[in-house]
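I have placed the structure first, in the form of structure tokens, so that the comments after it can refer back to it.
Read the figures in this text as sums done on the coordinates, not as results from a lab. From a predicted model like this one, the values you see are computed outputs, not experimental measurements. Glycine gets a Cβ as well: all are built from the backbone with ideal geometry, and neighbour counts include every protein chain shown.
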Amino acid sequence: MSVLNQVRQQIEQLPVGKLLTYREIPTAQQNIPMVVQALSILYRQGILKRLCKSIYYKPEPSEFGELRPSTLKILQKILDVQKHNVSYITGQYAYNSLKLSTQVAKEYLIATDKPRRTPLYLSGTTIRFVKSRISQPVSDVRLLQILDALTEIKTIPDGNITHSYQILKALIAKLKPSQCEEIVNLAFSYPPSTRALLGLILEQLNHQQLSLRLHKSLNPLSVYQIGLPPHLCSHQWRIQ
């Protein structure tokens, strides 16, 4: 039996709406180039739909036409495909999950060390890709989401700086000691203002050694205009 027919049979056994890559086709274990070509042929024949390069889905028919997989399933699939790289959701959707904003995300942002150039447009929803500040693996991508939120604390849509600061402080307070050390190491790839905010929070949480490391990395003459209220501002960290 030809590789094309083998792949066709395997596709027929999949549930409708299934997202897949060539790696999930059993035949690919023996002949990847032929399987990639077979998927391309099945796409041209309309048996498969292509979401983006290397990601296909089996269309689900309905009385209103073919249904596309949900945006969240698509996001999870993209992250799964890039799981060997740094790849995580940032931006408004991440800030919603961190309880920093209630504004509904109409655009999803994926930070990755290998971003694709063009966005994905999905029925009124856009998925964009940006270069991540970090290229090494992390134990938990939420550490990067916290650092992103500290970086953008002034511009989070529908966010309140004081409220956001307190939420982020509470999230950092729940980190394990090893995670606190990791987030400090990651912070050296972020702007000085991010390191200053993180240092201030760690100091308030009595992580003195970690906060000192961050303090030593800052220019003693720099001032960081964050917009915190006076009772949260710090002369030592030069945060206003």
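Descriptive notes on the structure:
- When both the range 203-225 and the range 85-133 are represented by their alpha-carbon centers, they are found 29 Å apart.
- Residue with peak Gaussian network fluctuation, the chain [Cα springs, cutoff 10 Å], from VAL138, VAL35, VAL130: VAL35
- The chain: angle of helix 161-173 to the longest principal axis, Cα-based, in degrees nearest 10: 80
- Shape of the range 1-104, Cα gyration tensor, a/c cut at 1.5: oblate
- Remark: for residue pairs LYS49/LYS73; LYS77/LYS114; LYS99/LYS174; LYS83/LYS176; LYS131/LYS169; LYS53/LYS114, the C-alpha separation exceeds 21 Å in LYS83/LYS176; LYS131/LYS169.
- Amide H contacts under 5 Å for LEU51, placed H, 5+ residues apart: TYR56, TYR57
- Listed residue (PRO137, GLN103, ILE226) projecting farthest to the positive dipole end of the chain, Cβ model: PRO137
- Only DSSP H runs of four or more residues enter the estimate; each adds -39500 (n - 2.57), and after division by the residues of the chain the mean residue ellipticity at 222 nm equals -12500 deg cm²/dmol.
- Taking amide H positions as modeled 1.01 Å from N, with prolines and chain starts lacking one, the residues under 5 Å from LEU122 and 5 or more places away or on another chain are ILE127.
- Per-pair calculated FRET efficiency, R0 = 35 Å: GLU12 and SER135 via Cβ, rounded to 0.05: 0.30
- Gain upon complete extension [ASN219, SER54; 0.36 nm per residue less C-alpha separation]: 54.8 nm
- Across the chain, the relative contact order, built from alpha-carbon pairs under 8 Å that are at least six residues apart, equals 11 percent.
- Each listed q (0.13, 0.14, 0.18 Å⁻¹) maps to a log10 I(q)/I(0) for the chain from the Debye sum over equal C-alpha point scatterers, namely -0.84, -0.92, -1.28.
- Between 0 and 90°, nearest 10: helix 192-204 axis offset from the chain longest Cα axis: 70
- Highest GNM mean-square fluctuation among LEU75, LEU20, LEU175, for the chain modelled with Cα contacts below 10 Å: LEU175.
- Degrees separating the helix 32-44 axis from the principal Cα axis of the chain, which is the longest one: 80
- Among SER40, SER62, SER189: highest mean-square fluctuation, GNM of the chain, C-alpha pairs under 10 Å: SER62
- The range 36-89 - Debye-derived log10 I(q)/I(0), Cα point model, q = 0.13 Å⁻¹: -0.39
- Only Cα pairs under 8 Å and 6+ residues apart enter the sum, and on that basis the relative contact order of the range 3-57 stands at 39 percent.
- Cα centre as origin, Lys/Arg/Asp/Glu Cβ charges: the range 68-214 dipole, Debye: 440
- Rg and Dmax of the range 101-240, Cα atoms only, in Å: 16.0, 49
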